[in-house]
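Encoded as structure tokens, the structure appears first; notes follow it.
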Amino acid sequence: GWPMSDDADAVSSLRATAHPVRLRMLSLLTGAELSAAEVARQLGISHANASYHLRVLLEAGAVEVAGEEKIRGGVAKRYRHPWQARPREKASPEDQEVYVRATAEELVRRARLRTPRTRSLFCDAELWVTPEVWQRAEELVREASALVHAEAQPSRSPGTVHVNLTAATFQMTEETGR
């Protein structure tokens, strides 16, 4: 996921990523440059389905072509997720809700894969804290996110573990209408 901005093209980017398969693709393409065929194998989907979803992500600017290679007389594009280069988005409330719902659905799938008897943390909090405490908490979450993204390796690399980091930080307004 990315932070939010005023770029009109970026609005479609948030909506485009709001699909469980595409969220998984972005994760795969954070630590590796893969072809549509490799993405399809990793996710257990058809090559045509992988190509379709990669096109959607490419058109939205969520992935980029990292290069091409010749395969059996043809040319295969290799894709990557440029997680650091994402613009800040100004998404509509509707696009934000679609993204949050897709992320929640993907979190349910990932939680099913949780390794038994290992450390895990689930934190859900709606609290009141000082602005200084909130600023520090946001900094720590951003640091953790940047760390795992920067150190991401291709899936199933020797010496790595399969992990999940899902975080949503935002300041809230008062609820109305109660």
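The values are calculated or read from the model by the stated rules, or taken from the named source; none is laboratory data. Note that the structure is predicted; figures quoted are calculated from it, not measured. In this analysis, Cβ positions are derived from the backbone assuming ideal geometry, glycine residues included, and neighbour counts consider all displayed protein chains. Calculation scope for accessible area: heavy atoms of the full protein, side chains included, ligands and nucleic acids excluded. Shrake-Rupley method; radii C 1.70, N 1.55, O 1.52, S 1.80 Å.
Below, the figures for the structure above:
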{"read-out": "Set A91, A144: member being open to solvent by less than 70 Å² (accessible area, probe 1.4 Å), touching a residue at least 12 places away in the same chain (Cβ under 8 Å) and part of a helix (DSSP H, G or I)", "value": "A144"}
{"read-out": "Top-ranked residue of the stretch 94-128 - restricted to ones that are of a type in the set (G, A, S) and closer than 22 Å to L43 by Cβ, ranked as least open to solvent (accessible area, probe 1.4 Å)", "value": "A102"}
{"read-out": "Members of the stretch 61-82 found to be assigned to a loop (DSSP other than H, G, I, E, B) and loosely packed, with under 12 Cβ neighbours inside 10 Å, listed by number", "value": "R72, G73"}
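Matching residues to (1) under 28 Å from A50 (Cβ atoms); (2) out of contact with any Pro (no Cβ under 6 Å at 6 or more places or on another chain):
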position: E105; (1), (2): yes, no
position: R109; (1), (2): yes, yes
position: V133; (1), (2): no, yes
position: A152; (1), (2): yes, yes
position: T176; (1), (2): no, yes
